[in-house]
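Step one of this worksheet: look at the structure below.
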Amino acid sequence: MTENQETQDKLTNEFEKLVLNESHRTDFKHEHLPLLNEKGDVILVHDPHDLFCCYTNVPRYGRTTATQHTWGYTGGGPTGLAWDILYHFTKNAKFTCNYHIDFRDAVLANRANRYDHVINQEIIDAFIAEKMNLESAKKNLAPKGGVE
């Protein structure tokens with residue numbers, strides 16, 4: 001194994017430590033809103049009877065997640081929701097760590113937090129594809145031969 005590959009493996013292991021074990025997937029589950037099993041539209045529901053209660057159909061994956069998924073600002077709730085959405089769709093902790101803040105800012109931060117929303121799967125897929133294309137382009141521009 002090359003030194004570069006060994007470094008990459010260590011980084012991957014560090015990113016994977018941010019993923020909670022399976023028992024946490026239902027931490028934010030609501031009895032009337034089934035969690036996504038596969039890819040699909042993300043549903044954001046604000047409880048009209050409690051200003052501070054929000055629910056989504058996104059399983060919990062990240063250790064970075066606050067006490068609940070929220071949206072409409074750039075705090076811990078939307079940051080954790082962004083992390084959980086990207087990880088659910090990619091199962092790639094490194095990618096998720098690199099782009100969850102961009103996703104939060106582009107998709108979640110400007111949604112009114114006292115309203116319900118649906119984020120179409122196509123929006124999420126387009127965001128992921130754009131960032132993966134960016135990563136691919138960066139790799140193609142990187143110097144060859146290990147000299148930087």
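Where a number appears in this text, it was derived from the coordinates with a stated rule and is not lab data. Since the model is a prediction, treat every value here as computed from it, not as a measurement. Note: ideal-geometry Cβ built from the backbone for every residue, glycine included; neighbour counts use all protein chains shown.
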How much mean residue ellipticity at 222 nm does the chain get from its helices, if each DSSP H run of length 4 or more adds -39500 (n - 2.57) and you divide by all residues, to the nearest 500 deg cm²/dmol? -13500 deg cm²/dmol
Hey, what's the Kirkwood Rh for the range 3-146 if you take every pair of different alpha carbons, in angstrom? 16.0 Å
Quick one: check the C-alpha center-to-center distance for the range 69-148 versus the range 16-64, whole angstrom. 17 Å
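Quick one: longest stretch of the chain between exposed loop chymotrypsin sites (Phe, Trp or Tyr not before Pro), exposed meaning at most 16 other C-beta atoms within 10 Å and loop per DSSP?
On the way: sites that count: F52, Y73, Y115.
Free of exposed loop sites, the longest segment is 1-51.
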Pairs from K17/K39; K17/K131; K94/K139; K17/K91; K94/K131; K39/K91 whose Cα-Cα separation, in the structure shown, is over 19 Å: K17/K39; K17/K131
